[in-house]
Amino acid sequence: MPFLDHVLQRPAYGWQDANGNLVKPTKGQIFKEFFSRLNVFKDRKNWLPFFSWFKVICLVPFFLLFLTSYLHWWTLLAAFVYSMIIMGTHGTIWHHRYCTHGAYKFRNPFWRFFTQNLTLNVIPEEIYVISHHVHHAKSDQPGDPYNAQAGFLYCFLADVNHQPIAKDLSEADYNRVKLLMQHTGVTGNTYAQYLKWGSYVSPTAAITSWLLNWSFWYLVFYLIGGHALAYSLFGAAGFWAVGVRTFNYEGHAKGEDKQREGTDFSENDKSINQLWPGIVAGEWHNNHHLYPKSARSGFKSHQVDLAWYYIKFMHKLGAVSSYKDYKQRFYDQYHKPYLKMKAGSPGDPDKSVDVIIETTSVL
């Protein structure tokens, strides 16, 4: 069986039925799976998804106190920028383009650590990275851990129900997990430790990293703007942590066919380019599915890509040693042929060539 077919822990309701069709579990089945996998008393190997949601729950009091005690125009603005732009863009920079796809490389471990901790530590790298490789291999097919065709809850609770790695991998398969994770700098378990804890990352390393990260950022926010700013931004991180779980459902058009001609060129899945996620986080999702390993996803002139701007800036500083940029390939393989097809006519091929040259020069 191919590695990506069994590297994730199979849900109780399965990925597909006997005929190979996507299983669309009921809400009851999804919630039953969710709470079963959060039960660390039943199985300590459930610790990582539990820990992931525990951090979200820890942010809830900050969010409530922000709303009840620290809500001012300036804290609201700060919370909006932090949750919508800073946290979102960092997720694209770190979890998406670096940890999963290796779209760029750091000069040394210091800059990797610096980028990793630019924001509050919320999403475990392991849960994101391994499952995202499966997502790209099986986009909108049975086995896709956040298949939008199975509904909102299927995607929203995917980090618990579908994304953790399997707990019974062979040593050879676990070594393949280690290969996918080793560049992230996350401290990995030995195979014996994996069999005990059911995860790549050890509880000690994860908890230590979390406590140090949150302590550092609370102190920084407090020194800048007191408890008002600290509570506001911690609350904003909690808001983002919940909201980001809706992205792949929306980014794959809620499981429907909503791709637009001339805008969405990756036709082997249901991914779409959306203006808001693109502008605030660099998530031009259909572009990304065309070229997953590109450090830039905002290929067109109007496609703002804050994540790319950070990577490019770090390259100029010397912190990033190399990156992959598929913008020109996108134009050559997709955009220019599309414009030529739309502008051309069978009776006047020369005119169509003139139009394509003139149009692309503006871009």
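Quick check on my filter: what residues within segment 294-323 are basic (Lys, Arg), surrounded by fewer than 22 Cβ atoms within 10 Å (Cβ to Cβ) and not in a helix (DSSP H, G or I)? Result: Lys300, single match. On the stretch given as segment 137-190, residues that are of a type in the set (Gly, Ala, Ser), over 26 Å from Tyr13 (Cβ atoms) and more than 19 Å from the chain's Cα centre (by Cα) total 2. It is to be established whether one or more residues within segment 272-293 are modelled with pLDDT of 95 or more, surrounded by 14 or more Cβ atoms within 10 Å (Cβ to Cβ), more than 21 Å from His133 (Cα to Cα) and of a type in the set (Phe, Trp, Tyr). There is no residue in segment 272-293 that is modelled with pLDDT of 95 or more, surrounded by 14 or more Cβ atoms within 10 Å (Cβ to Cβ), more than 21 Å from His133 (Cα to Cα) and of a type in the set (Phe, Trp, Tyr). The residue of segment 68-79 that is nearest to the chain's Cα centre (by Cα), among those that are loosely packed, with under 15 Cβ neighbours inside 10 Å and either of a type in the set (Lys, Arg) or in a helix (DSSP H, G or I) (or both), is Leu77. For segment 342-353, check the following and say yes or no: at least one residue is hydroxyl-bearing (Ser, Thr, Tyr) and modelled with pLDDT under 95. For segment 342-353, residues hydroxyl-bearing (Ser, Thr, Tyr) and modelled with pLDDT under 95: present. Scanning segment 177-229 for residues that are surrounded by 20 or more Cβ atoms within 10 Å (Cβ to Cβ), over 25 Å from Ile165 (Cα atoms) and touching a residue at least 24 places away in the same chain (Cβ under 8 Å) yields a single hit, Leu229.
So that you can scan it fast, the table gives a plain yes or no per residue for (1) closer than 18 Å to Cys155 by Cα; (2) under 16 Å from the mean Cα position of the chain (by Cα); (3) of a type outside the set (D, E, K, R):
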position: Tyr231; (1), (2), (3): no, no, yes
position: Arg245; (1), (2), (3): yes, yes, no
position: Arg260; (1), (2), (3): no, no, no
position: Trp276; (1), (2), (3): no, yes, yes
position: Arg296; (1), (2), (3): no, yes, no
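Of all the criteria given as (1) out of contact with any Ser or Thr (no Cβ under 8 Å at 6 or more places or on another chain); (2) closer than 19 Å to Trp217 by Cα, the one not satisfied by Thr75 is (1).
Does segment 159-172 contain at least one residue that is in contact with a strand residue (DSSP E or B) (Cβ under 8 Å, 6 or more places away or on another chain), surrounded by fewer than 17 Cβ atoms within 10 Å (Cβ to Cβ), in contact (Cβ under 8 Å) with a residue 40 or more places away in the chain and not polar (S, T, N, Q)? Yes. Filtered by the rule that a residue be among the charged types (D, E, K, R), under 12 Å from the mean Cα position of the chain (by Cα) and either more than 25 Å from His315 (Cα to Cα) or in a loop (DSSP other than H, G, I, E, B) (or both), segment 99-136 gives a lone residue, Glu126. Of all residue pairs spaced 6 or more apart or on separate chains, those with beta-carbon atoms under 7 Å, a first member in segment 31-42 that is under 14 Å from Phe156 (Cα atoms) and a second member that is outside any loop (DSSP other than H, G, I, E, B) and aliphatic (A, V, I, L, M) are Phe34/Val160.
Residues that are at pLDDT 95 or above, of a type in the set (A, V, I, L, M, F, W, C) and over 25 Å from Arg245 (Cβ atoms) number at least 1 in the following helices (runs of 4 or more DSSP H) confined to segment 149-233: 171-181, 191-197.
Filtered by the rule that a residue be in contact (Cβ under 8 Å) with a residue 60 or more places away in the chain and either buried (at least 22 other Cβ atoms within 10 Å of the Cβ) or over 27 Å from Val242 (Cβ atoms) (or both), segment 101-112 gives Gly102, Ala103, Tyr104, Lys105, Phe106, Arg107, Pro109, Trp111, Arg112.
Among the residues of segment 146-153, some residue qualifies, meaning at least one is under 24 Å from Val40 (Cα atoms), buried (at least 19 other Cβ atoms within 10 Å of the Cβ), among the hydroxyl-bearing types (Ser, Thr, Tyr) and in contact with a helix residue (DSSP H, G or I) (Cβ under 8 Å, 6 or more places away or on another chain).
The values are calculated or read from the model by the stated rules, or taken from the named source; none is laboratory data. If you're wondering where the values come from, they're calculated on a predicted model, not measured in any experiment. Glycine also receives a Cβ, built like all others from the backbone with ideal geometry; neighbour counts cover every protein chain displayed.
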